[in-house]
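The values are calculated or read from the model by the stated rules, or taken from the named source; none is laboratory data. Nothing here was measured: the structure is a model prediction, and the numbers come from that model. Cβ: placed from backbone, ideal geometry, glycine included. Neighbour counts: every protein chain shown. Quick note on the areas: whole protein, heavy atoms, side chains included, nothing else; ligands and nucleic acids left out. Shrake-Rupley method; radii C 1.70, N 1.55, O 1.52, S 1.80 Å.
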Amino acid sequence: MAQMLIGGQLVGAQGGKTIPVRNPANGESVGDIPRGTASDVDAALAAAAKALPAWAAMPGTKRAQLMHQAALKMHEVVDEVAKLLALEQGKPLAHAKIEAERVAENLEYFAGLADKLRGDYIPLDDPAKFGITIRRPVGVVVAITPWNFPLTLMANKLCPALAAGCTIVLKPASTTPLATQRAIEAIASAGFPAGVINTVHGSGGEIGDVLVSHPRVNKIAFTGQTETGKRIMQLASKNVTRVTLELGGSDPMIVCDDADIRRATAAAAIGRFFNAGQACLAVKRIFVFEKVAQEFMAKFTDRASKEWKIGDQFAADTKMGPLHTETQRNEVEAQVADAVKRGAKVLAGGERPAAPEYAKGWYYPATVLSDVPEDSRMATEEVFGPAVPIFIVTDLDEAIAKANATVYGLGSSIFTKDMAKARRAAEQLDAGYTWVNDIQVAYDQLPFGGVKQSGYGKEHGIEALEGYTDKKSVVLASG
Ligand code: NAD
């Protein structure tokens, strides 16, 4: 059974209960985790608070050395962690391995920043005084992560927190805790003082409220659904705890009539079907100019039907594993059914695979729809699975207006050879990211975060450190 890391010790839940973790390909149990209680949350936060003063005071170069060492430790367990991730999440093993390696890369990136936190010198009117700003760690961080990219989203919070001098309590999703726990144990073995990194496990419904409304917490870093984010904001207001929220998205892709259609269809397919479409930055609505619409739809449909083989996550030729849970598949099916009932045409997929090898898993094929009503669920809600609607537009004005007609604002993309069109899209799309002629991939070096109901605050880039530090002003007058 996996355990929790609290104050440097591997422990079970105080109530002694556990939660089974299941393989989405066949429903079989692949391990157990402790069913954490409010007392476990208390213990983890107490450990993080105790470790804070010494960790915050440690020179940045020393914190950086430990983080570099942690990256090496992470490299040593990449295969083991990737296997756990594929087993519990359902993604193909090769993709799980990339995700595990990204944790080490993220540690390296932020290790490089740990000794570069600095303030400013600010001249004041009075010549006998001057101002400076200094950066202080915000304190104890609670990081809550979802099941779709458990390792990436954990690292996005852990690494800047450590670099900034914060201590942390991580709570992974209860359906994908195993890879995170193993990765954390490897990272912690680099020699971090006890209590700097802690984990608690359990269902968000049971321990979430205690975690986010606890008076010891100085910052909550959350990734998950918009509705959960709204609840966290409310609960955080109790102690005026700062929050960063990385929430849902409904990312538009605009394909102009001068686009390289081969390139655009390849990007749309990876953008929509990677991780079985369970990505916050997935391409979720495609707006294609009338002149190239038939060509785009034919080529994209061809890719969706032929290139995205579904199957067991450990088979070498699998491009898409099962969806993560039954609820997840039911949701996507209901969204597709709603569109079809209201006149949408299914160009690819649209039905559960019938072959017996798929019977025990939550499989769903790459699905493409046209003629989708603009007020249907597929157009207005986040579709967190491998199904995408294509809308035909006459020009860029219409494409941008429709792309922005959503409560979300996470990623966005445009395919065009016209720099003026690309620039307009970059300036006018309501999103935290716009890719031009590229697929929706987030980079360590570039700040990442949403607008509107996709949340606020940045992960990645130097900007991520702003969420884990306070800028304090100091006035120095001659004595
Ligand atoms: P979720 O909101 O159901 O759960 C996320 C985490 O929150 C889990 O650890 C869960 O246990 C916990 N949680 C649930 N209720 C809680 C509560 N009341 N208090 C505190 N914690 C609670 O999200 P999910 O279904 O696991 O993830 C999918 C969602 O995440 C999608 O909407 C997706 O777009 C979004 N997402 C966003 C980003 C981003 O960077 N913007 C990245 C990945 C996923």
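Can you list residues whose amide H is under 5 Å from Phe415's amide H, if they're 5+ apart or on another chain and H is modeled 1.01 Å from N?
Under 5 Å from the amide H of Phe415: Ile254, Val255, Cys256, Asn437.
If you build the Cα gyration tensor of the range 193-291 and take the root of 5 times each eigenvalue, what three semi-axes come out, in whole angstrom, biggest first?
On the way: eigenvalues 311, 45, 26 Å².
Square roots of five times the eigenvalues give 39, 15, 11 Å.
Helix-only estimate, please: 222 nm mean residue ellipticity of the chain, summing -39500 (n - 2.57) across DSSP H runs of length 4 or more and dividing by its residues, to the nearest 500. Please list the in-between numbers first.
Numbers: 14 runs with 179 residues, N = 479.
Computed mean residue ellipticity for the chain: -12000 deg cm²/dmol.
For Thr226, tell me the accessible area in Å² from a 1.4 Å probe, rounded to the nearest 10.
For Thr226, solvent-accessible area is about 10 Å².
Could you give log10 I(q)/I(0) at q = 0.18 Å⁻¹ for the range 146-260, computed by the Debye formula over C-alpha point scatterers of equal weight, without solvent?
Treating every Cα as an identical point scatterer, log10 I(q)/I(0) equals -0.95.
Mind checking Rg over Rh on the range 196-242, alpha carbons, Kirkwood formula for Rh? Numbers along the way, then the final one.
Numbers: Rg = 10.5 Å, Rh = 11.2 Å.
Rounded to two decimals, Rg over Rh is 0.94.
Exactly which trypsin sites (Lys or Arg not before Pro) in the range 431-479 are in a DSSP loop and have at most 16 other Cβ atoms within 10 Å? Provide the component values of the computation, followed by the final result.
Working: sites: Lys452, Lys458, Lys471, Lys472; in loops: Lys458.
Here no loop site has a sparse enough neighbourhood.
Return an integer: the convex hull volume of the alpha-carbon atoms of the range 355-408, in Å³ per residue.
98
Just tell me the longest site-free run in the chain, where the sites are GluC sites (Glu not before Pro) in a DSSP loop having at most 15 other beta-carbon atoms within 10 Å.
Working: sites that count: Glu28, Glu351, Glu374.
By the stated rule (loop sites, at most 15 other Cβ atoms within 10 Å), 29-350.
Per Stokes-Einstein, at 25 °C and 0.890 mPa s, what whole-number D in µm² s⁻¹ belongs to the range 1-126, with the Kirkwood radius over Cα pairs as the hydrodynamic radius? Intermediate results must be reported in sequence, preceding the final value.
On the way: Rh = 17.7 Å.
The Stokes-Einstein estimate is 138 µm²/s.
Which of the chymotrypsin sites (Phe, Trp or Tyr not before Pro) found in the range 371-479 are loop residues per DSSP with 12 or fewer other Cβ atoms within 10 Å of their Cβ?
Details: sites: Phe384, Phe391, Tyr408, Phe415, Tyr433, Trp435, Tyr443, Phe448, Tyr456, Tyr468; in loops: Phe384, Tyr408, Tyr433, Tyr443.
Those that pass, being in a loop and sparsely packed, are Tyr443.
Sort Ser39, Ser478 by accessible area with a 1.4 Å probe, largest first.
Numbers: Ser39 55, Ser478 90 Å².
If we order Ser39, Ser478 from most to least accessible, we get Ser478, Ser39.
Taking each pair of distinct Cα atoms in the range 412-479 once, what is the resulting Kirkwood hydrodynamic radius in Å?
Details: mean 1/r = 0.0691 Å⁻¹.
For the range 412-479, inverting the mean 1/r across all distinct Cα pairs yields 14.5 Å.
Starting from the exponent 0.38 and prefactor 2.2 Å, build the expected Rg for the range 251-443 from its residue count and divide its actual Cα Rg by it.
On the way: Rg = 15.8 Å, N = 193, 2.2 N^0.38 = 16.3 Å.
That ratio works out to 0.97.
Report the equivalent ellipsoid semi-axes for the chain in whole Å, largest first, defined as the square roots of five times the eigenvalues of the gyration tensor built from alpha carbon atoms. Kindly include the intermediate steps, with their values, before the conclusion.
Numbers: eigenvalues 301, 166, 70 Å².
Semi-axes (√(5λ), whole Å): 39, 29, 19.
List the lysines whose Cα sits under 28 Å from the Cα of Lys421, skipping any in the same chain fewer than 8 residues away.
Straight-distance partners of Lys421: Lys284, Lys291, Lys299, Lys402, Lys452, Lys458.
Report the relative contact order of the chain, percent, no decimals, based on alpha-carbon pairs under 8 angstrom and at least 6 residues apart.
Numbers: 1121 pairs, mean separation 85.7, N = 479.
After rounding, I find 18 percent.
Excluding same-chain residues fewer than 8 positions from Lys83, which lysines have a Cα within less than 28 Å of its Cα?
Counting by Cα, and skipping residues close in sequence, Lys83 has these lysines nearby: Lys17, Lys73, Lys91, Lys97, Lys157, Lys171, Lys306, Lys309, Lys319, Lys360.
Please tell me the relative contact order of the range 251-443 in percent, rounded to the nearest whole number, where contacts are Cα pairs under 8 Å and at least six residues apart.
Numbers: 386 pairs, mean separation 56.5, N = 193.
Averaging sequence separation for qualifying contacts and normalising by length gives 29 percent for the range 251-443.
Working out 0.36 nm times the residue gap between Glu374 and Asn239, then minus their Cα-Cα distance, what length gain in nm do you get to one decimal? Working shown, then result.
Working: separation 135, 0.36 × 135 = 48.60 nm, distance 4.09 nm.
Using 0.36 nm per residue and subtracting the Cα-Cα distance, I get 44.5 nm.
Treat each spin label as a single point 7 Å out from the Cα along the C-beta direction, and report the Ala38 to Lys230 distance in nm.
Placing both labels 7 Å beyond Cα along the Cβ direction yields 2.6 nm.
Compute log10 of I(q)/I(0) for the range 357-479 with the Debye formula, placing one identical point scatterer on every Cα and leaving out solvent, at q = 0.17 Å⁻¹, to two decimals.
Once normalised to I(0) and log-transformed, intensities are -1.04.
Determine how many Å³ per residue the convex hull of the Cα atoms of the range 110-177 encloses. Walk me through the numbers on the way to the answer.
Details: hull volume 6.9 nm³, N = 68.
Dividing the Cα hull volume of the range 110-177 by its residues yields 101 Å³.
I'd like the antiparallel share, as a percent to the nearest 5, of DSSP beta bridges with both residues in the chain.
Working: 26 of 62 bridges.
Of the beta bridges lying entirely in the chain, close to 40 percent run antiparallel.
I'd like to check one number: the per residue accessible area of the chain, probe 1.4 Å, reported in Å² as a whole number.
On the way: 19230 Å² over 479 residues.
Ligands and nucleic acids excluded, the figure is 40 Å² per residue.
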